[in-house]
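A short reminder: the numbers here are calculations on the coordinates, not readings from a lab. Computed from a predicted model, the values in this text were never measured in an experiment. Counting neighbours? That spans all protein chains shown, and the Cβs are built from the backbone with ideal geometry, glycine included.
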Amino acid sequence: MTERTTAVDAEEVRHVASLARVDLADDEVGRFAEQFEDILTYFERLDEVPEVDHDADLTNVMRPDEPRECLETDAALENAADTEDGFFKGPNVS
Amino acid sequence: MSVNAFITETELEGTDEGPLSGRTVAVKDNISTAGVRTTCGSKMLAEYVPPYDATVVERLKAAGATIVGKTNMDEFGMGTTTETSHFGSTDNPAAPGHVPGGSSGGSAAAVAAGEADLALGSDTGGSIRCPAAFCGVVGIKPTYGLVSRYGLVAYGNSLEQIGPFAQTVEDAAALLDVIAGPDERDATTREAPDGEGTYADAADGDVDGLSVGIPTELLEGADQGVIDAFEETVETLESAGATTREVCLPSVGHAVSAYYVIAMSEASSNLARFDGVRYGHSSDAGGNWNDAFGRTRAEGFGDEVKRRILLGTYALSAGYHDKYYKKAQDARAWVTRDFDEAFDEVDVLASPTMPVPPFELGESLDDPLQLYLADANTVPVNLANLPAISVPAGETNGLPVGVQFIGPAFGERRIVRTASAL
């Protein structure tokens, strides 16, 4: 069994949640901190993995860059909460 | 009594006569259907109606199939029980009171209950094979690149494939024949090397002279009743002329860690698109864009999805990328190499699909890590981009057991043939 070297505190959970733009309630922060500790401790076993060559035996294939039909504007906007003049309308930037 | 296999029932007729004329197909609710809501089992997409069909749905319609509904699933494919769905859990028709497995639990349950002849699911780390095993039906996870993912709502896009469920190996293979093949709208699809006949033709039960490898690591820690059922299956293959031998896959002890780091990292990126602006739930909370996005995502996502997005964000963040994500990619390459070496020695590999029989409904939700560990036998296959099939292999204490056959890349005919001998 791997040593416990990964400590996840509430502060860190809040930081990651803010990076991911997911608001968390206080009780969620506490629960996630506990679960992340368990899960990340389990992931520690990746430290034992040797370096391995990743190269896939594949070559890239390009297609010609030509205009073609795509989704109509109306269809693309169908599911939007708010639109204006054929554009998506989002919240204020600041 | 309904088992709650469907989130949305519908009736979309085929556009042409074809090999699936007269057959009903259930489609997992993360596969886009034009004009029919596609929720991914999430509150986030509860009202989302795609303006286009996934390539596999176009192919179903062109083959004459009737699509009868969109099936229940773990939210965005994240789970092993179908209990993380926003639309409630699904009962297991083969073992009432137990989970149908996940994440494609509704698709497996629909086929097991006779509510559809066939079904489509998606498999990122076992999400077709686990429910096939738990519900006593057949499920195939194709080689990465065989089936188009265009119109599949992405979770772990380097790992996942759409694949079929059916009551028989031949029917599952026939559905694979319909959906397989390159698609210019999914640049990761490619032409499979030529094989003899269709996938359905390969279901001829002829395993005389076939060599079957049994990775010892995939039996460790399995439930005794599951091992007993597996060993009976191995004996059946031997009596049909197959030879069996033990093989070693030393890397697979690291597969669950590698899988979850990669899947969570990809999820954190793929699910960044759900911000309430272009589609999906949108919070009324107001404020600037960061406040609005944070609120929208807090309201729209369930616990398991938040957990995976946050852990993926953590694994990719400065200072942790090399420790988690880079090492997980090394482990993925290591697992791939182990499988390559095993297929130098044997034709197919066999293991129990799941190390345990189906859990009771509600039994396993509290401890995410314990649930992740139940994926030990399925995730190595996704890491190595290989095809695998799960077929029923009897019962333990009245609960279904599934056996998994793994083939080399594009070796679908070989695993279909092996499974059809049972």
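See the values below:
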| read-out | value |
| --- | --- |
| Helix B:289-300 axis, angle to chain B major axis (alpha carbon atoms, nearest 10°) | 50 |
| Lys pairs under 21 Å by Cα in the protein assembly as shown, provided they are eight or more residues apart or on distinct chains | 8 |
| Rg/Rh (Cα only; Kirkwood hydrodynamic radius) as it applies to the stretch B:285-422 | 1.08 |
| Taking N as its residue count, the alpha carbon Rg of the protein assembly as shown over 2.2 N^0.38 Å | 0.93 |
| In degrees, nearest ten, helix A:10-19 long axis to first principal axis of chain A (Cα) | 20 |
| For q = 0.12, 0.17 Å⁻¹, Debye-computed log10 I/I(0) when each Cα of the stretch B:207-340 counts as one equal scatterer | -0.70, -0.95 |
| Cα-only radius of gyration and Dmax that characterise chain B, units Å | 20.1, 69 |
| Estimated [θ] at 222 nm from DSSP helical runs (n ≥ 4, -39500 (n - 2.57)) normalised by residues in chain B, nearest 500 | -9500 deg cm²/dmol |
| Most mobile listed residue (B:292, B:116, B:132) in chain B, GNM with C-alpha springs under 10 Å | B:292 |
| Computed E for residue B:288/residue A:75 - FRET, C-beta separation, R0 30 angstrom, nearest 0.05 | 0.55 |
| Per-selection Rg to Rh, the stretch B:82-221 - Cα, Kirkwood hydrodynamic radius | 0.99 |
| More than 15 Å apart - percent of Cα-Cα pairs taken over the stretch B:382-422 | 44 |
| Max mean-square fluctuation residue, GNM over chain B, Cα-Cα springs under 10 Å, options B:157, B:290, B:385 | B:290 |
| Alpha-carbon gyration tensor eigenvalues x 5, square-rooted, for chain A, Å | 40, 30, 10 |
| Crossing angle, helix A:26-43 versus chain A [Cα axis fit, 0-90 degrees, rounded to tens] | 70 |
| Rounded to 5, the percent of DSSP beta bridges in the stretch B:134-276 classed as antiparallel | 45 |
| Segments B:274-281, B:9-16 sorted - mean Cβ within 10 Å per residue, highest first | B:274-281, B:9-16 |
